[in-house]
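K.L.:
Here it is, the structure, as structure tokens.
The values are calculated or read from the model by the stated rules, or taken from the named source; none is laboratory data. Bear in mind that the values here come from a model prediction, so they are computed numbers and not experimental data. Neighbour counts run over all protein chains shown; Cβ positions are idealised from the backbone, glycine included. Side chains included, ligands, DNA and RNA excluded: accessible areas come from the protein's heavy atoms. Shrake-Rupley method; radii C 1.70, N 1.55, O 1.52, S 1.80 Å.
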Amino acid sequence: MNMSQGKLFVLSGPSAVGKGSLCRLLLERDPELTLSVSATTRAPRSGEIHGKEYFFYNEKDFEGMIRQDSFLEWAKVYDHYYGTPKAYVDEILNSGKDCILEIDVQGALQIKKRRPGAVLIFIKPPSREALAERIRKRGTENSDEIQKRVSQADSEMSYQSEYRHVVVNDDLLRAADEVQGIMNGYRQEENG
Ligand code: 5GP
């Protein structure tokens, strides 16, 4: 049997742009799409389960996996390691399902090099002010940390030209429709 490989989609953009909510909505709507579960060294938040939101590891184990080349990409995001397990993604793609990664900009640029067929989608805020407001509203960071995230977002925004598609997250449902349209376009291309 010659089952065709799934397609790799990468959803990326600055912190607090809403890519997590967007990704959850796409997964609810689209049964052909599977989320890759990342590995991280950050502590689980309340309710997070190992193997569901993330695979949680300590730094020593994570660094061991880096040495074994277990990651398709990895990055240090706000003092913690995050990485996409290569075997996990390939298992999804080899089963013929499409795989979506929700990762930061550094990671997306590594995927672009290592998997040139991947479709990179940059999610951006309607304005810098809107993003700063969202970071503040999350309320999980102090003012130094907020400032750090806003300036980090400024530098991440400068990479949007590296992506195949840029979608403005002005409204969650509208942005999800636009991303879904982009994904469907690639699927038709492959089937046609
Ligand atoms: P959080 O800790 O809030 O779940 O995620 C923090 C940031 O890490 C988000 O911007 C998220 O997209 C990014 N991230 C999550 N998983 C990965 C991954 O596997 N690789 C990379 N490069 N970034 C990730």
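K.L.:
Could you list, in sequence order, the residues of the stretch 104-148 that are within 13 Å of the ligand (Cβ to nearest atom) and hydroxyl-bearing (Ser, Thr, Tyr)?
P.N.:
Across the stretch 104-148, the qualifying residue is only THR140.
K.L.:
Next up: Only one of these conditions is not met by ARG114: (1) farther than 30 Å from ARG187 by Cβ; (2) open to solvent by 80 Å² or more (accessible area, probe 1.4 Å); (3) in contact (Cβ under 8 Å) with a residue 12 or more places away in the chain. Which number is it?
P.N.:
(1)
K.L.:
Which of the residues that make up the stretch 64-103 are among the aliphatic types (A, V, I, L, M) and more than 11 Å from the ligand (Cβ to nearest atom)?
P.N.:
MET65, ILE66, ALA87, ILE92, LEU93, ILE100, listed by residue number.
K.L.:
Given the criteria surrounded by 16 or more Cβ atoms within 10 Å (Cβ to Cβ) and among the hydroxyl-bearing types (Ser, Thr, Tyr), does SER36 qualify?
P.N.:
The answer is yes for SER36.
K.L.:
Is the stretch 56-67 home to any residue that is closer than 23 Å to GLN5 by Cα and either touching a strand residue (DSSP E or B) at 6+ places or on another chain (Cβ under 7 Å) or not hydroxyl-bearing (Ser, Thr, Tyr) (or both)?
P.N.:
no
K.L.:
Against the definition (touching an Asp or Glu at 6+ places or on another chain (Cβ under 9 Å) and not β-branched (Val, Ile, Thr)), how does ARG174 come out, yes or no?
P.N.:
No: the conditions fail for ARG174.
K.L.:
Every residue in the stretch 11-43 that is of a type in the set (Lys, Arg) and assigned to a loop (DSSP other than H, G, I, E, B), please.
P.N.:
Residue satisfying the conditions is ARG42 alone.
K.L.:
From the list GLY20, GLY51, GLY13, GLY47, which one is closer than 21 Å to LYS124 by Cβ, open to solvent by 10 Å² or more (accessible area, probe 1.4 Å) and among the small types (Gly, Ala, Ser)?
P.N.:
Result: GLY20 is the single residue among GLY20, GLY51, GLY13, GLY47 that is closer than 21 Å to LYS124 by Cβ, open to solvent by 10 Å² or more (accessible area, probe 1.4 Å) and among the small types (Gly, Ala, Ser).
K.L.:
Scan the stretch 169-192 residue by residue and report those that are open to solvent by 40 Å² or more (accessible area, probe 1.4 Å) and either charged (D, E, K, R) or under 14 Å from SER21 (Cα atoms) (or both).
P.N.:
Passing the criteria: ASP170, ASP171, LEU172, LEU173, ARG174, ASP177, GLU178, ARG187, GLU189, GLU190.
K.L.:
Taking the stretch 149-192 only, how many residues are in contact (Cβ under 8 Å) with a residue 12 or more places away in the chain and closer than 21 Å to ASP104 by Cα?
P.N.:
25
K.L.:
For residues that are within 12 Å of the ligand (Cβ to nearest atom) and charged (D, E, K, R), tally how many sit in the stretch 25-45.
P.N.:
Matching residues across the stretch 25-45 total 2.
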